[in-house]
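Input: a single structure, listed below in structure tokens.
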Amino acid sequence: MMRIHPLWVVSFFVFVFVSCNAKKEESGEVAIGEVTRGTLYLELYEEGEVEAINSTNILSPNISWRFGNLKITQMVKDGAEVEAGDTLIVFDPSEVNREVLDAESRLEMNMAELEKMEAQHQSDLEELRADYEVTRLAHEISKIRFESAVHEADIKRKEIQLNLEKAHIALVRAKEQIDNRIKIQREELKQRQLSISQDQVRLKEAQETLQKLFLISPTPGIAIINRNWSTGNKFQIGDQTWSGFPLIQLPDLTALRTVVRINEVDIAKISKGLQVEIKPDAFSDSVYSGVVTSVANLAVNKEGSAKIKVFPVEIDINETSEKLLPGLTVSCRLIIGKVENALMIPVDAVQEDAGVSFVYRKTASGFEKVTVETAQRNKDYIVIVSGLEEGDKVALTDPFVTEEEQNQKGEEQPAAKEDKP
């Protein structure tokens with residue numbers, strides 16, 4: 001039986017290992033990164049929404065509960081360009097129209113009643129004044145008879161005097177009836193006129209409310225529709241709102257900003273004047289610059305989580321553009337620090353085993369495993385403190401496993417977190 005020499009076996013495996021390495025390098029399957037020296041920027045990435053620093057708020061009108069609910073029946077399209085005087089929103093006017101018609105009907109009825117009352121008053125006074133005139137003439141006749149009865153017998157004279165007194169009493173009563181009637185008529189007219197005034201006020205209020213149901217743009221601009229707290233969506237036709245609620249913004253597009261929410265563990269690194277790189281999600285090829293202008297003193301709950309606290313941070317955008325419109329979602333890169341003159345490599349090159357960081361450095365014959373000491377990192381690069389030199393080339397994936405094994409390994413390992421200064 002033929003024996004295989006152990007040296008041949010070892011030589012065979014060395015040959016296979018070197019051959020496989022050479023094959024990977026020749027075929028370009030192993031991505032290579034280089035150790036470079038430069039400035040590593042430490043950064044945070046947060047999302048925000050573009051908004052105007054100054055804008056005109058279009059509020060739902062303040063109306064009485066008597067006129068029903070504020071239901072939107074017409075609305076300008078979100079993002080539409082508008083001119084001063086354009087109609088932005090129309091609310092359902094049916095209830096107000098009914099109130100206008102009712103007030104007009106009541107006013108018309110009261111005006112007719114007033115006219116009828118004035119005619120009746122005139123007729124009543126004419127009748128009373130005619131009665132008064134008859135009574136006055138009777139009194140004058142009684143007076144003349146009394147004055148002519150000087151030579152009459154005492155009994156006759158007393159009878160004439162009694163008739164004169166009766167005529168005088170009748171005359172006084174007739175005068176009092178006229179005065180009393182005038183007082184009553186004045187009070188009746190006052191009540192009727194008060195009712196008319198109330199109807200006029202009611203009609204005016206209804207007419208003014210009807211005008212309020214048509215929201216008109218005071219200035220030219222772009223109409224940005226706000227969100228409805230009840231639905232979580234932007235206001236739309238059919239929605240109901242409340243008096244004084246902001247429905248539309250007409251932003252001043254010459255001065256824009258965005259607001260991001262920074263986790264409480266990072267807020268100490270944020271300060272006024274911090275430079276920010278801003279990219280609209282819809283136009284990722286466009287990059288704008290900004291600066292932090294305000295950092296909130298009080299934390300708020302992160303949306304969707306009561307346990308995580310965040311701080312609102314305002315960022316003024318330095319440029320203006322037709323692409324930058326209120327409501328756009330933007331990604332903000334906040335540069336919170338930097339490491340100058342640092343040796344660094346792509347983060348994909350660093351691997352860990354039992355808490356020890358290492359890389360695969362390229363050599364003339366293949367790759368060698370090198371333990372490294374790392375420091376700060378961002379999402380792309382990591383600082384190397386020791387283990388490598390500038391110009392060294394390292395593998396960005398494990399060169400000793402297949403692509404399938406590498407993918408499986410990547411799925412099992414959690415994504416590395418960025419170091420913070």
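In this structure, does S123 turn out to be of a type outside the set (A, V, I, L, M, F, W, C), more than 30 Å from D86 (Cβ to Cβ) and surrounded by 15 or more Cβ atoms within 10 Å (Cβ to Cβ)? Lay out the reasoning, then the answer.
Numbers: of a type outside the set (A, V, I, L, M, F, W, C): yes; more than 30 Å from D86 (Cβ to Cβ): yes; surrounded by 15 or more Cβ atoms within 10 Å (Cβ to Cβ): no.
No.
When only residues in the stretch 151-208 that are in contact (Cβ under 8 Å) with a residue 60 or more places away in the chain and of a type in the set (A, V, I, L, M, F, W, C) count, which is surrounded by the most Cβ atoms within 10 Å (Cβ to Cβ)?
A206
For the stretch 290-318, give me each residue that is loosely packed, with under 13 Cβ neighbours inside 10 Å and of a type outside the set (K, R). Talk me through it step by step, then tell me what you get.
Let us first name the residues in the stretch 290-318 that are loosely packed, with under 13 Cβ neighbours inside 10 Å, namely 297-298, 300-301, 303-307.
Correct list: N297, L298, V300, N301, E303, G304, S305, A306.
Looking at D131, D102, which one is closer than 30 Å to I196 by Cα and surrounded by 12 or more Cβ atoms within 10 Å (Cβ to Cβ)? Break it down stepwise before answering.
On the way: D131 fails: closer than 30 Å to I196 by Cα.
D102 is the lone residue from the list that is closer than 30 Å to I196 by Cα and surrounded by 12 or more Cβ atoms within 10 Å (Cβ to Cβ).
Anything in the stretch 265-286 that is of a type outside the set (G, A, S), surrounded by 13 or more Cβ atoms within 10 Å (Cβ to Cβ) and either at pLDDT 90 or above or closer than 21 Å to V50 by Cβ (or both)? List them, or say none.
Narrowing the stretch 265-286 to residues of a type outside the set (G, A, S): 265-267, 269-270, 272, 274-281, 283, 285.
Now restrict to residues that are surrounded by 13 or more Cβ atoms within 10 Å (Cβ to Cβ): 266-267, 269-270, 274-280, 283.
Answer for the stretch 265-286, where residues must be of a type outside the set (G, A, S), surrounded by 13 or more Cβ atoms within 10 Å (Cβ to Cβ) and either at pLDDT 90 or above or closer than 21 Å to V50 by Cβ (or both): I267, I270, L274, Q275, V276, E277, I278, K279, P280, F283.
Can you pull out every residue in the stretch 346-372 that is over 14 Å from G33 (Cα atoms), without any contact (Cβ under 8 Å) to a residue 24 or more places away in the chain and of a type in the set (S, T, N, Q)?
Hits for the stretch 346-372 are S357, T371.
Tell me which of these I222 doesn't satisfy, since it passes every other one: (1) of a type in the set (A, V, I, L, M, F, W, C); (2) assigned by TED's automatic domain parsing to the domain that holds N69; (3) over 60 Å from the mean Cα position of the chain (by Cα).
Status for I222: all satisfied but (3).
Going residue by residue through the stretch 240-251, is there one that turns out to be under 17 Å from A52 (Cα atoms), surrounded by 15 or more Cβ atoms within 10 Å (Cβ to Cβ), touching a residue at least 12 places away in the same chain (Cβ under 8 Å) and more than 21 Å from the chain's Cα centre (by Cα)? Step through it out loud before you land on a result.
To start, the set of residues in the stretch 240-251 that are under 17 Å from A52 (Cα atoms) comprises 246-251.
So of that shortlist, the ones also surrounded by 15 or more Cβ atoms within 10 Å (Cβ to Cβ) come out as 247-251.
From the residues that got through so far, the ones that are touching a residue at least 12 places away in the same chain (Cβ under 8 Å) too are 247-251.
With more than 21 Å from the chain's Cα centre (by Cα) added as a condition, the list becomes none.
No, the stretch 240-251 contains no residue that is under 17 Å from A52 (Cα atoms), surrounded by 15 or more Cβ atoms within 10 Å (Cβ to Cβ), touching a residue at least 12 places away in the same chain (Cβ under 8 Å) and more than 21 Å from the chain's Cα centre (by Cα).
Just to be sure before I move on: is L324 surrounded by 19 or more Cβ atoms within 10 Å (Cβ to Cβ), in contact with a strand residue (DSSP E or B) (Cβ under 8 Å, 6 or more places away or on another chain) and part of a loop (DSSP other than H, G, I, E, B) in the structure I sent?
yes
Have a look at P399, P421 and point out the one that is assigned to a loop (DSSP other than H, G, I, E, B) and either farther than 15 Å from Y360 by Cα or modelled with pLDDT under 60 (or both). I'd like the intermediate steps shown before the answer.
Numbers: P399 fails: either farther than 15 Å from Y360 by Cα or modelled with pLDDT under 60 (or both).
After applying the criteria, what remains is P421.
So is I237 surrounded by fewer than 17 Cβ atoms within 10 Å (Cβ to Cβ) and farther than 30 Å from E81 by Cβ or not?
On the way: surrounded by fewer than 17 Cβ atoms within 10 Å (Cβ to Cβ): yes; farther than 30 Å from E81 by Cβ: no.
Against the criterion (surrounded by fewer than 17 Cβ atoms within 10 Å (Cβ to Cβ) and farther than 30 Å from E81 by Cβ), I237 does not qualify.
Applying the selection to the stretch 336-354, what residues are under 49 Å from the mean Cα position of the chain (by Cα) and small (G, A, S)? Lay out the reasoning, then the answer.
Initial filter on the stretch 336-354 (under 49 Å from the mean Cα position of the chain (by Cα)): 336-352.
Matches in the stretch 336-354: G337, A342, A349.
Looking only at residues in the stretch 331-383 that are more than 21 Å from D266 (Cα to Cα) and touching a helix residue (DSSP H, G or I) at 6+ places or on another chain (Cβ under 6 Å), which one is surrounded by the fewest Cβ atoms within 10 Å (Cβ to Cβ)?
Step by step, filter the stretch 331-383, then rank; the result is G366.
Within the stretch 72-108, restricting attention to residues that are touching a Ser or Thr at 6+ places or on another chain (Cβ under 8 Å) and in a helix (DSSP H, G or I), which residue is nearest to L215 (Cα to Cα)?
Here the answer is V96.
Considering only the stretch 209-227, how many residues are outside any helix (DSSP H, G or I) and either touching a His at 6+ places or on another chain (Cβ under 9 Å) or buried (at least 17 other Cβ atoms within 10 Å of the Cβ) (or both)?
Filtering the stretch 209-227 for residues outside any helix (DSSP H, G or I) gives 213-227.
Going one step further and asking which of them are either touching a His at 6+ places or on another chain (Cβ under 9 Å) or buried (at least 17 other Cβ atoms within 10 Å of the Cβ) (or both), we end up with 213, 215, 217, 221-226.
The number of residues fulfilling the criteria is 9.
Return a yes/no flag: does the stretch 312-326 have any residue that is polar (S, T, N, Q), in contact (Cβ under 8 Å) with a residue 12 or more places away in the chain and not assigned by TED's automatic domain parsing to the domain that holds D285.
Within the stretch 312-326, the subset polar (S, T, N, Q) is 318, 320-321.
The next check asks that each one be in contact (Cβ under 8 Å) with a residue 12 or more places away in the chain; those that pass are 318, 320-321.
Next, only the ones that are not assigned by TED's automatic domain parsing to the domain that holds D285 stay: none.
No; the residues of the stretch 312-326 include none that is polar (S, T, N, Q), in contact (Cβ under 8 Å) with a residue 12 or more places away in the chain and not assigned by TED's automatic domain parsing to the domain that holds D285.
Do the conditions hold for V172, that is, is it more than 30 Å from V50 (Cβ to Cβ) and at pLDDT 90 or above? Steps first, answer last, please.
Details: more than 30 Å from V50 (Cβ to Cβ): yes; at pLDDT 90 or above: no.
So V172 does not fit the description; no.
The values are calculated or read from the model by the stated rules, or taken from the named source; none is laboratory data. Predicted model, so just to flag it, every value in this text is computed and none were measured. A quick note on method: Cβ atoms are made from the backbone with ideal geometry, for glycine too, and the neighbour counts reach across all protein chains shown.
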